[in-house]
Structures are given as structure tokens and as C-alpha cells.
Amino acid sequence: PNAALRVRMARLPRFTQLLILRATFAFTPPVHQISLLVRPQCPPSTRPSARFARTPLASASDEVVRELPSAPLLAAVEAVGGRVSAADVSARAGLDLLETRRQLLVLAQLVGAELQVSAEGELIFVFAPSVRNELRRANWRLTALEAWQQAKQPLFWVLRASFGVALLSSVAVATVGIAALSASGKDDSRGTSAPSPVMLWGPHPLDFLYYSRPYGASEELGFLQSCFSLLFGDGDPNSGIAERQARAVAALIRAQGGAVTAEQLAPLLLPPLSPDEADEVPMSEGFVTDVLVKFGGEPKVTDEGDIVYVFPELMVTAAEPAAAASTTRSPSSLGLARAQQEVARALEWAELPAGWRPEVGERVRIAEVLASRSGRRWSLGRGDRVARVGAMVGCVGVVVKDSRAGLPFQVQLDGGGAASFALGELRPAAEGMALHELPIPFSTAPPMQLASAGVLGAVNLAAVAYLGVLLRAARAGAVSAGAAPLVGALGAVYPGLLAYAVGYAAIPMARRAVVGRKNRNIAARNQARDAWAAVLSRSPGARLRRKLLGARELRPQAKVLKQQDAIFTTADDVSMPAE
């Protein structure tokens, strides 16, 4: 029995002891039946004595959680480093702090990570450098999920293309039906006359092979995909705004030493009043409630009666001293410029926003340079002609041209020079301390393709309407008896043709109105956040200055959990003494 280890375990909070036992021992009774003074009945071979040895609990225990950690959490663990605290991962991923702790325990069980505990009872997770590979070996579902992520792109391409195929099919059926019914009229005395002009004009059913681009051939949408884009758009570029917002809030809180005011959070959230209105009437600060719940914050009242929000749990870090400098630095030594830099970094887009295509004049960030892109055109200054391509990553510039061919976007880089980039290499530029929502585009399809899809939809509606007139006349006896099977077949498919034609014309008009209203609301929210950011960037008033000073006085003590401070680790050969 290790008496020293038993004494150290006894000093830890009860909840932390239970977490350690659950993550360490396999084939044990349920957690609520575990006694800290009873030796667990498990064979010595199942004890996790190796640092990164996979615990049998991940595979053999009936109580192992049958879920995978979320993708943002895995990315955050890889980005922060192998040794992390729940606060480090929560701030990086923008996840709820309690949910982050739970998912980290799940991940630790699956890959057999090392758990360390400090004297204050703080839990530190030590993962292998290749945690994603470890998880793939431990759970086949991650491999299946990644395979599905790869396979769903071409499947979604086929789904989008099907709407264009349906439009061409509808036009073909309508034109052929019109020609057949016109030729079978009882009063048609021309016999085998020349084909109808409609029949000559009508598209061939396989024309879509010419009008569409193969999957992966280009970032531009072909005709078939443009039909889908006209109907439903290309996605919401603000779909991940909640995670970006949470990351920026966590970065701001850590940069300000763990204590902030509602005014400091206002540029990242959505306060009910503008700065001018807040000067006239007291502003309700209920808009910070979700942040308090997510990151374990609590309101405190200063001696002057102002409310300050303190986040002691978010100030726990397992990073190395150099990496933890921005977390532990006090607000007095961390200026506004440094806080802006931390918030801007947290607001950056890791992935290409859905449905986003930069417009000329928009500021963008070079996120990556794809080596597969050939024919790259450079027009850099003389001193930069030999600069490596990788040096472009992270640069910010303005889009000056969109040619929609090859590398369509010509970007004028800050500091001089210009280069051409593909859409997948760019991201929206995140600058300043205000959260900006992107406007929702009606469509990112090429204008000519979009116009063709709209014109063909109008032609389809007119053709289907005229087909309906001919069908009503045919039922009234205006065609020969031999055409009755044709009339019956066209009558069976006509309701579907009419519904598709009307929907194809009505949906884009209704969606344009909805998108316009959403974009006006987005612009209003962005303007309100910019107004609060401007208040913080200039010299604050007496009331705000008093609150900021009060927040500085109430900031919690930052905790840096160093390797040598751990009093318990699952890497040791644990043996609990009998009672």
C-alpha cells in the first residue's frame, strides 16, 4: 500500500476522487458503490501503469460512454497541446465549461490519457501528441464519421444537381407534350407536316451533361448546381457564430484577468440598448447570463455599487509559462491593443464559411495556400519575389478583382504586393473587438448561370401552363381518340409538373424577401456592436472608468498548473490500501 498516495487522495475533493477512480480502474462496481478505503477487485494486469496505455475501461467496462468527443473539442486539444485543463479547451473551442470537462473525461477513457490532480483539486489531462490517431484506433466510429464527411460532399453535389435535372426534365416533358397534343388535334389537316417550333426549341434530356461541371473540377457552380442555388441558396455563413462568439468572449475574459464588465462584453454579445441609450437610462445586463452559465462566472458588486463579472474557473491553465503569459498577465500590463489581438485571433474562421464569397473591396485573410493550385500569378515587390508561398498565410488584404476563373480573387496585400488566390484559400478578415456577422448572399452562382436558371424556370412555368390549357381542351374532345392514352399519361404527371413549376418560380422570390430582411437585421446588429466597440476604444466616461477599475480590483488569482505541482497522476502504479 502506498500510504503517501492515500493521504494525498484524502485531501482532494470527493468529486475529484470519484473522477480519478472512474478513469483509472476497470471492472469495478458502479461509482456510487466505490469506497475510497476499499481495494478495488481488479487484476494487476489491468492497472494503467504506462503513461499513455489505453485503459481497459475504454473497451471492457459496461459503463463506458458510447459517444465520441465533438470535433471542436478534438481540434482544441490538438491546438492547445497534449497537457490541457478544461478551461484551456473550453476557451479554445468555445464550449460550455462543464460540458468540456465531461467530454474530456470521455476522451481520456477512450484513449487512455494520463490524469493529473493539483493540490487544489484541479484536474489536468495529458494526451498523446497524436490524440486523433489514438481515438481512431480506440473507436471505429471516428473513422466511419470521417469517411462519411468525405463521402457526403459528392453526394450533396448529386443532390444539388438533381434540381437542375428536374428542371430540364420538366421543360422536356412539357414541350414534348405540347407538340404531341398539337399534332393530334382533330382539326389538324396537315398530316405529317414540319415539326412544331416548340419541338425544335425543346432541350434534349441529356443536355445537362453539357451544362454542368463535374464534381471537383472547379469551385464555380455549374448550371445544375445554380438551379439549386437559385432555389435554396448556398448555406448560412453565420452557422458557426455561437462557437466564434464563445471563443472571443473567453479570450477577452482571460486577457482582462478574469474580471470584466457588461460594457466590455457588449461588442461580442448583443446588449438591448445602444451606448447613447445606456447613458440616459440604466441598461439591463441580462444579456451576459449565458456567458456566466457557460464559463462558470459569477456577478460581484464593487464598493461603489457597480456589477462586475468574475470567472475564476476560466483562469485555470495547464499551459507552459510562455504560452500562459497572456492568461496570467494582469490587465494593468495588458493594453487594449493586446486584448484586441487576442479577440481578433479568437474570431478568425477556421473553416470556409458556408455560402460565403468575398466581394470586391472586402477584406480577407489568407488562411492557407493550396499546393495543388497551379498557374498562380504573383505581382509582389522586388524584395518579395523569392518569398516562400507559406509566408503568405496569415496575411490580410483587400479583394480588388474577381475573375471567376482559375485563381479568381486578386488580393492587394497589406504592406504592398498582390497575389491571386482560390476561394478555399481565403477567409473573412476578423479585425477589432466587435463580433461581425456576415451578410447572407442570395446566391454565389455565376451571374450568367443564375440568369439562365431563372429564365429557364420562367419558360418552364409558361410551358406547363400552356400544357394545362391543351389538356383541358383534349378532355373536351378536341383531339383524336387515338391520343387518349397520351392525354391520360400527361394528366397523371401534370400536377407534379405544375407544382414544381410554380414552386421554382415562387421560392426564389419569397427567399429574396427573407434574405433581405435578415441582412438588414444583421447590419443593425453589427452597427450596434461597432458602437460599443467604439466606446471602449476611446477614452471612457467617468462611470465606465470606475467600473473598469472595480473589475481590476476583483480579478481572480490565475492558476498555472505546472507539471511538478501535480500531487496525483494515473501514470503511477496505483494501489489503494484495504480498510
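Coordinate-derived values only; no laboratory data. Predicted model, so just to flag it, every value in this text is computed and none were measured. FYI the Cβ positions are ideal-geometry reconstructions off the backbone, even for glycines, and counts take in every protein chain you see.
Using 0.36 nm per residue, how much length does the chain from residue 79 to residue 489 gain when fully extended, once their Cα-Cα distance is taken away?
Extending this stretch completely gives an extra 141.5 nm.
Taking each residue as 0.36 nm, the span from residue 499 to residue 292 lengthens on full extension beyond its C-alpha to C-alpha distance by 69.6 nm.
In this label model, residue 531 and residue 149 are separated by 4.0 nm, measuring between points 7 Å along each Cα→Cβ vector.
Between residue 162 and residue 303, take the C-beta separation as r, use R0 = 56 Å, and let me know the FRET efficiency to the nearest 0.05. Intermediate values should be presented prior to the final figure.
On the way: r = 67 Å, r/R0 = 1.19.
After rounding to 0.05, the efficiency reads 0.25.
Here r is the Cβ-Cβ distance between residue 270 and residue 472 and R0 is 51 Å; the resulting FRET efficiency, rounded to 0.05, is 0.40.
With each label modelled as a point 7 angstrom along the Cα→C-beta vector, the residue 509-residue 542 pair spans 6.0 nm.
Calculated FRET efficiency, residue 565 to residue 360, Cβ-Cβ distance, R0 = 51 Å: about 0.40 to the nearest 0.05. Put a dot 7 Å past the Cα of residue 518, heading toward its Cβ, do the same for residue 242, and the two dots end up 1.6 nm apart.
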